[in-house]
Amino acid sequence: MEYGHSRETVKRSDLAGWAEYGYCASHSRFFWGLRLHLVCTLQSLPIAFVLTGAKADEREPLLDLLAAECELLRERSRQTLIGDKNYFGRGFERELSEHEAQLLRPARKGERERPGAALFEPLRQVIESINETFKGQLDLERHRGRTPGGVIARLMQRILALTASIWHNEATGQTVLCSPSAYGH
């Protein structure tokens, strides 16, 4: 979630101290802002989230989220989490296994092929679909929140919109659950 590029924006922003500079690989550029870390079901239903500064390591927010929302894994043992190749490390995977969770991610450069690699590509499309829904249909990248309260309110609006559209699509027997586009009139 990008908020600005210039030093002047950073200096006078109410988000200073929370937002920070980070790198966006998909846009190949640095930005000043926040990162949204989501835990969703395979049907794209948001379950938990955390906002961090843009340069936060992705592993720590996930572990913190699982610690804060311990019933997510305790009540559903042996869950498989799907992530990108930045979710790596023996210590990280050991902590996940202590939660009785396993991680499905692509192998990093120089690493042997990981268990479940054949499953990763089709499941990765779920992640990309959720990202595109938030960025494209729900316009998360242009939310215009300028204060911490404004950012959180606008983020929660989008999470609620996605949740409501998934619920409605499932209740009415739609084949595509995560698309809120039919309700954009």
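All of the numbers you see were taken from the coordinates with simple rules; none came from a lab. Values in this document were obtained by computation on a predicted structure and should not be read as measured data. With ideal geometry, Cβ positions are generated from the backbone for all residues, glycine too; neighbour counts draw on all protein chains shown.
Before moving on, here are some points about what is shown:
- Proxy reagent accessibility, fewest Cβ within 10 Å first, across E132, E95: E132, E95
- Extension gain (nm, one decimal) between T175 and S97, 0.36 nm per residue minus Cα-Cα: 24.7 nm
- Kirkwood Rh in Å, taken over all unlike Cα pairs in segment 2-183: 17.9
- Averaging the sequence gap over all C-alpha pairs within less than 8 Å and six or more residues apart, then dividing by the number of residues, gives the chain a relative contact order of 17 percent.
- Highest-MSF residue in the chain out of A56, A107, A25 [GNM, Cα springs under 10 Å]: A25
- Near A48, the amide H atoms lying under 5 Å from its own belong to V39; only residues 5 or more places off or on other chains count, and H is placed 1.01 Å from N.
- Every helix of 4 or more DSSP H residues in the chain counts as -39500 (n - 2.57), and over all residues that averages to -11500 deg cm²/dmol at 222 nm.
- Of the trypsin sites (Lys or Arg not before Pro) found in segment 133-172, those that fall in a DSSP loop while having at most 14 other beta-carbon atoms within 10 Å are R144, R146.
- Ranked Y21, Y87, criterion: other C-beta atoms within 10 Å, fewest first: Y21, Y87
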